[in-house]
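Here is the structure we will look at.
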Amino acid sequence: MISANEILRRQLKPRFILDAVIRWLDRPEAIVILGPRQVGKTSLMFLIAQHIIKNGLGRVFFYDLEMTPDLALLSDPESLLTLPENSYVFIDEIQYHPEGTKLIKLTVDHARGVKLIVSGSSSGKIFRDMGDRLVGRKVEFKLHPLSFMEFLTFKERMDLASVLKSLPRPEFEPFQRLFMEFLIYGGMPAVVLEPQTDRKAKLLEELFSAYLFRDVLPLFHLRHPDKFASLLKLLAARAGGLLNISSISNDIDLSRPTVESYIRILEATFVLHTVPPFFKNPRKEVIKMRKGYLFDTGFRNWILRRFDLDWTREDIGHIVENYVFMELKKAGIDDVRYWQAKTGVEVDFVVNDLPIEVKFRKFARPAISRGMASFIKKYKPPEAFVVTKNFTGEMQFEGTQVYFIPAFRFKPSELFA
């Protein structure tokens with residue numbers, strides 16, 4: 001168990017989600033923080049614990065279930081029922097507890113004045129058998145890698161963040177260099193804080209190994225770990241592409257049911273996000289097949305062994321599209337869809353019935369694609385957005401106001417408030 005003094009000694013960078021979580025400390029529900037490995041869940045829990053200790057809210061108990069002694073201390077699901085009131089119990093990596101759901105349920109129901117804050121790297125493992133046992137007993141928060149604004153904060157470049165909207169020249173060298181670093185190496189906190197590029201790559205390699213050998217293999221008992229790795233590589237190369245199960249099955253020589261099972265594992269461990277189609281006319285629009293995006297562009301680039309810092313690399317458009325999707329998720333927007341007509345025209349994302357298209361190239365003047373034009377003509381949204389390389393502008397088309405926003409300025413929390 002980690003002591004209060006050790007918790008207070010930690011020097012930690014703030015996360016934007018912190019205030020939202022703290023607002024739930026006076027509620028009886030267990031706080032459940034979910035996210036992929038090494039995304040910063042433990043640090044977020046330390047930040048919450050520091051807030052409790054510094055404000056004298058109560059006594060803190062902090063358990064790390066990757067540590068065998070801590071797991072032994074909580075082996076009995078009733079072990080927390082005798083704690084005094086105003087106790088705050090933190091349990092890191094709850095998925096390693098064989099009866100984690102029961103532990104949460106019993107504590108919330110019967111431990112008067114005891115507040116649970118737990119984290120997990122696998123939603124499937126934590127809640128696989130819960131049924132409705134935790135309904136009304138928990139509130140979930142999903143922690144993602146750093147957003148670009150958080151990245152600038154971690155880099156101690158809030159001077160750039162503060163002028164993000166008014167920056168007169170997108171080619172401003174320090175800003176462009178940092179944005180490229182973010183796209184290529186991603187937003188995992190340890191990777192962001194490491195200044196040396198070779199060490200960044202090594203940290204991403206360690207992340208992949210820990211994910212495979214500490215999360216996936218022990219918890220899901222894969223029969224074909226090599227094929228699982230091949231699937232990840234294929235998905236990385238096709239980030240933003242349609243998840244055609246038959247095609248994937250043929251490409252990696254694995255049965256359709258196994259491919260579907262592995263995709264479910266990737267989703268349960270927060271490494272893959274799938275995007276359903278937006279449709280209102282099943283006869284003329286794609287209605288079933290999903291698209292897939294990885295949780296972090298750095299993780300994606302490590303899988304492909306591609307760390308070239310080059311704006312002309314052939315996959316930069318796919319990287320930026322993945323970035324835009326994850327910025328939407330980091331802003332707390334869960335209902336993200338894509339649109340594709342059966343004629344082939346498409347729009348990358350639809351949020352609140354508003355289309356978003358990623359066109360990471362230079363524009364001489366405002367212009368929209370056939371896909372965007374088709375969507376606007378069909379659904380007549382009040383606004384539409386085109387994410388560009390460095391072009392800012394707007395235009396009217398069929399009564400819709402279309403905004404052109406450079407990728408580094410794309411802030412979903414302001415666009416979809």
Worksheet, complete the sentence: Helix 197-210: inclination vs the chain longest Cα principal axis, degrees, rounded to 10, gives 60
Worksheet, complete the sentence: Rounded to the nearest 10 degrees, the helix 173-185 long axis (Cα) sits at an angle to the longest Cα principal axis of the chain of 60
Practice prompt. Return the single residue from Gly100, Gly241, Gly292 with maximal mean-square fluctuation; model: Gaussian network over the chain, springs between Cα atoms under 10 Å.
Written response: Gly241
Practice prompt. When a/c is below 1.5 the answer is rounded, else prolate if a/b is larger than b/c, else oblate, so apply that to segment 312-417 with a ≥ b ≥ c taken from the square roots of the Cα gyration tensor eigenvalues.
Written response: rounded
Discussion item. Sequence gap at least 6, Cα distance under 8 Å: using those rules, report the relative contact order of segment 301-356 to the nearest whole percent.
Written reply: 18
Worksheet entry | Fully extended contour minus Cα-Cα distance, from Arg199 to Val139, at 0.36 nm per residue | 18.0 nm
Discussion item. Quick check: net charge around Leu231, other residues with Cβ under 14 Å of its Cβ, Lys/Arg +1 and Asp/Glu -1?
Written reply: +2
Worksheet entry | the chain - mean residue ellipticity at 222 nm from DSSP helices (-39,500 (n - 2.57) per run, n ≥ 4, rounded to 500) | -11000 deg cm²/dmol
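Students often get this wrong, so check it: of Lys102/Lys227; Lys330/Lys362; Lys288/Lys342; Lys227/Lys288, which have C-alpha atoms separated by over 23 Å?
Beyond 23 Å between Cα atoms: Lys102/Lys227; Lys330/Lys362; Lys227/Lys288.
Sorting check: for 274-284, 142-152, which peptide has the highest mean count of neighbouring beta carbons within 10 Å, and how do the rest follow?
In descending order of packing, they fall as 142-152, 274-284.
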Worksheet entry | Label-point gap, in nm, between Arg10 and Glu156 - each point 7 angstrom along Cα→Cβ | 2.1
Discussion item. Which one, Val324, Val286, Val135, has the greatest fluctuation when you compute a Gaussian network model over the chain with C-alpha springs under 10 angstrom?
Written reply: Val135
Worksheet item: Nearest 10 degrees, 0 to 90: what angle lies between the long axis of helix 256-268 and the longest principal axis of the chain (Cα atoms)?
Response: 70
Worksheet, complete the sentence: Within the set Arg305, Arg133, Arg23, GNM on the chain using Cα springs under 10 Å gives the largest fluctuation to Arg23
Item to complete: Provide the per-residue ³J(HN,Hα) series for segment 335-340, in order, calculated from phi with Karplus coefficients 6.51, -1.76, 1.60 and θ = phi - 60°, each as a whole number of Hz, with x at glycine and proline positions.
Response: 8, 10, 10, 10, 10, 8
Fill in: q = 0.14, 0.18 Å⁻¹, segment 33-101: log10 I(q)/I(0) [Debye, one scatterer per Cα]
-0.46, -0.75
Worksheet item: For Ile316, Ile356, what's the fewest-to-most ordering of other Cβ within 10 Å of each Cβ?
Response: Ile316, Ile356
Practice prompt. Sort segment 215-364 into rounded, prolate or oblate with this rule: let a ≥ b ≥ c be the square roots of the eigenvalues of the Cα gyration tensor; rounded if a/c is under 1.5, and if a/c is not under 1.5, prolate when a/b is larger than b/c, oblate otherwise.
Written response: oblate
Worksheet, complete the sentence: Beyond 31 Å (Cα-Cα) in this structure, taken from Lys233/Lys380; Lys115/Lys233; Lys54/Lys105; Lys200/Lys411, we find Lys233/Lys380; Lys115/Lys233
Practice prompt. Let me have the relative contact order for the chain, percent, based on Cα pairs under 8 Å that are six or more residues apart.
Written response: 12
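Bear in mind these aren't lab numbers, they're just calculated from the coordinates by the rules spelled out. Small disclaimer: the values here were computed from a predicted structure and weren't measured. Here Cβ is always computed from backbone atoms with ideal geometry, including for glycine, and neighbour counts include all displayed protein chains.
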